[in-house]
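Just so it is clear, none of the values below were taken in a lab; they were calculated from the coordinates. Owing to the predicted nature of the structure, the values given are computational and were not obtained by experimental measurement. Note that we place each Cβ from the backbone using ideal geometry, even for glycine, and neighbour counts take in every protein chain shown.
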Amino acid sequence: MNRTETEFNPRTDGQDLRGRVERALSDVKDPEIPALSIVDLGMVNSVRCEDGRATVSLTPTFLGCPALSIIQHQVERRLRQVEGIHSVDVEFVFTPPWTTERISPEGREKLREFGIAPPPCALASAHLAKPACPYCGSEETRLENLFGPTACRSLYYCEHCRQPFEAIKPV
Amino acid sequence: MGMPPVVSKPAEVALHRGYQEVVVQFLTELADDELTLGHRDSEWLGLAPDIEGDIAFSSIAQDEVGHAAFCFDRIAELTGQEADVLAFARPATERRNARLLERENGDWAETIVRHYLYDTFDRLRLQALVESSYRPLAEGAVKMLREEYYHRLHMQTVLARLGRGGEARERVERALYALADEVGSLFAGSLQDTRLTELGILTASWEDIASAWCEQVAAELEDWGLPVPAGLRAVRPAEDGRTVHGAALQRLLSEMAEVYSADPLATW
């Protein structure tokens, strides 16, 4: 029996089954922000490989996020293509809760390149800290609307380059 | 009664007498509140007075329905019922939402006032769930609080703006007096059942929640220069506030369940 269970680490470099599974998870993108993988987002809580069976526990970003079931199906489909994996179980866990601090440094950079400002701070001071403009980097930005095209985004306006932009809400 | 139990998973509920009945009843109220208001929110889609309001209400509706789904899933774990059946197939007589939330939206001012009053209540209720003896619910409450933060912040911003004057302010005042008569329904049902706190499912009594709610609502309305109707300074729980429903809920349910009822066995 070949059993491994450790905290998820996307940088695992091994050539073993577990390494292949972890790399495959980086191919699963957020359907609403395709520049980001579920690994960048910090949604992968743990990975377990046992006798050809992969069990992945994911932390939902928002409870009502409509992308959850799409992500679940994509994880199942992608991992079934991994050599040595016969079956895949995806479970959602709520503890510890997903917060925007779980987005990786690489994920924050990819968000910015995509034109979405990464969250500036933790939730407690959300109304005080404004995100920098993802286009020109200016701090002269103002909140236009707390809500945006998806539940996890707000709308801002950059006074410097005069561009509206989206930002991830700190939660 | 001694220390309340800690119930880490659904299977442990049976170990504590009366626990299942009380927790299922309370989960039903949480789920029905969120589903009912979430559906009302969705009715503004494409119709809100400005694009910001429209966008906000579609996201808020999605959050509320997501929270309802979370609670229905927790009930399903305990009773073996299906979440979709609970959400769509229960008749109005079995619904346990507060009557305040089933009212037709009314005008924009009334919509905002109701949401603000509910969000302030919901936050206090969720805070009293973070340390709940029913751990699966406590975990969800932590998550919901983080999302609900933005709902309340949005309602506060819009309400303060509407309250500044003119016709908007008149409409806000009218809504405050109209809704003051209905807020007692929020405090009906499980909150009146002392077993809820004895079992540690909720860590605050209805009196704690009500007095914190009245204090906060009055202070904020005064900050915005708005009147505080007597019914918001001191609440009296409406005994039948979650059990007797009006024609508005009947209409809401037939619309919400129209697709589901067309073919309850369809797979999506």
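Overview of values
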quantity	calculated
Entries of A:Lys110/A:Lys169; A:Lys130/A:Lys169; A:Lys110/B:Lys143; A:Lys29/A:Lys110 with Cα pairs more than 20 Å apart	A:Lys110/B:Lys143
Tensor-based shape of the protein assembly as shown (alpha-carbon gyration tensor, a/c under 1.5 rounded, otherwise prolate or oblate)	oblate
Relative contact order of segment B:32-174, pairs being alpha-carbon contacts under 8 Å that are 6 or more residues apart, as %	23 percent
Peptides ranked, highest mean first, by Cβ atoms within 10 Å: ranges B:81-87, B:41-47, A:57-63	A:57-63, B:81-87, B:41-47
Prolate/oblate/rounded label for segment A:100-168 (Cα gyration tensor, a/c 1.5)	rounded
Expected 222 nm ellipticity per residue - DSSP helices of 4 or more, -39500 (n - 2.57), all of the protein assembly as shown, to 500	-14500 deg cm²/dmol
Degrees, to the nearest 10: B:51-79 long Cα axis against longest axis of chain B	20 degrees
Averaged over B:99-112, number of beta-carbon atoms from partner chains that fall within 10 Å	0
Relative intensity, log₁₀ I(q)/I(0), of segment B:16-261 from a Debye sum that treats every alpha carbon as a point, q = 0.09, 0.11, 0.12, 0.13 Å⁻¹	-0.36, -0.54, -0.65, -0.77
Label-reachable residues, segment B:97-124, where backbone N falls under 18 Å from a point 7 Å from B:Trp224's Cα toward its Cβ	B:101, B:105-124
Degrees separating the helix B:135-162 axis from the principal Cα axis of chain B, which is the longest one	10 degrees
FRET efficiency for B:Leu15 and B:Glu82, using Cβ-Cβ distance with R0 set to 30 Å, rounded to 0.05	0.75
Cα gyration tensor, segment B:107-208 - rounded (a/c under 1.5), prolate or oblate	oblate
Relative contact order (percent, whole number), chain B, Cα cutoff 8 Å, 6+ residue spacing	24 percent
